[in-house]
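Accompanying notes for the structure given below.
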Amino acid sequence: MDSFLSSQNFEICNSNPNIYMLRTHDSFLILVLYVDDLLITNNSTSAIAAVKRTFHDRFLMKNMGPLRFLLGLEINEDAKGIKLSQAKYAHDLLERFQMTDCKPAPTPFLPRLFLEDGGENPLVNNTLY
């Protein structure tokens, strides 16, 4: 994928090697690569369509439409802006660990709780966490 993107004049982002950028005289396209998923963004729908055509000609791809979920984030866009939420991710975690009936708390930990060294007590099996 890296050699293909380089052949298409994409540059790798210095701070994150999973982000590629394509600059032209009138646009700036960002492509995020995560395993076998691509997120493509730009201020021009025609530039995005052109990149999608290029990828579709080279790879077997499926267009999933506008971004709704990515890495546990739920993305909703409306006239006011973009809203990011992890409510579904949190709910899925609660279901996974059979905790959907737990009571909500304003903080994830008890206030004014002081932790101590465990001393000689054996460590907790942390594989579940």
Cross-link reach list, lysines versus Lys52, counting only Cα pairs under 18 Å and skipping chain neighbours closer than eight places: Lys62
Relative packing of 108-118, 23-33, 77-87, which averages over residues the other C-beta atoms within 10 Å, highest first: 23-33, 77-87, 108-118
Estimated vicinal HN-Hα couplings, Hz - the stretch 52-66 in sequence order (Karplus 6.51, -1.76, 1.60; Gly, Pro = x): 4, 4, 4, 5, 5, 5, 9, 10, 7, 9, 10, 7, 8, x, x
Gain in span if fully extended, Asn126 to Asn14, counting 0.36 nm per residue against the direct Cα distance: 36.8 nm
Whichever aspartates and glutamates have a C-alpha closer than 17 Å to that of Lys88, once near sequence neighbours (fewer than 8 apart) are set aside: Glu74, Glu77, Asp101
For the chain, with +1 on Lys and Arg beta carbons and -1 on Asp and Glu, the positive-most of Leu110, Ile48, Met61 along the dipole: Ile48
Sequence-distant aspartates and glutamates (8 or more away, or on other chains) whose Cα lies within less than 17 Å of Lys103: Asp92, Glu95
The stretch 21-96: relative contact order in percent, alpha carbon pairs under 8 Å with at least 6 residues between: 14
With DNA, RNA and ligands ignored, accessible area of Asp57 (1.4 Å probe; Å², nearest 10): 130
Inter-probe distance in nm under a simple model that places probes 7 Å from Cα toward Cβ, at Asp26 and Asn43: 1.3
Cα gyration tensor shape of the stretch 38-107, rounded if a/c is under 1.5, else prolate or oblate by comparing a/b with b/c: oblate
Per-residue HN-Hα couplings for the stretch 75-83 [Karplus 6.51, -1.76, 1.60; θ = phi - 60°; Hz; x = Gly/Pro]: 10, 10, 10, 9, 5, 7, x, 10, 10
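The values are calculated or read from the model by the stated rules, or taken from the named source; none is laboratory data. Keep in mind the model is a prediction, meaning the values are calculated, not measured. As a convention, Cβ positions derive from the backbone with ideal geometry for all residues, glycine included, and neighbour counts pool all protein chains shown. These area figures cover heavy atoms from the full protein model, side chains too; ligands, DNA and RNA do not enter into them. Shrake-Rupley method; radii C 1.70, N 1.55, O 1.52, S 1.80 Å.
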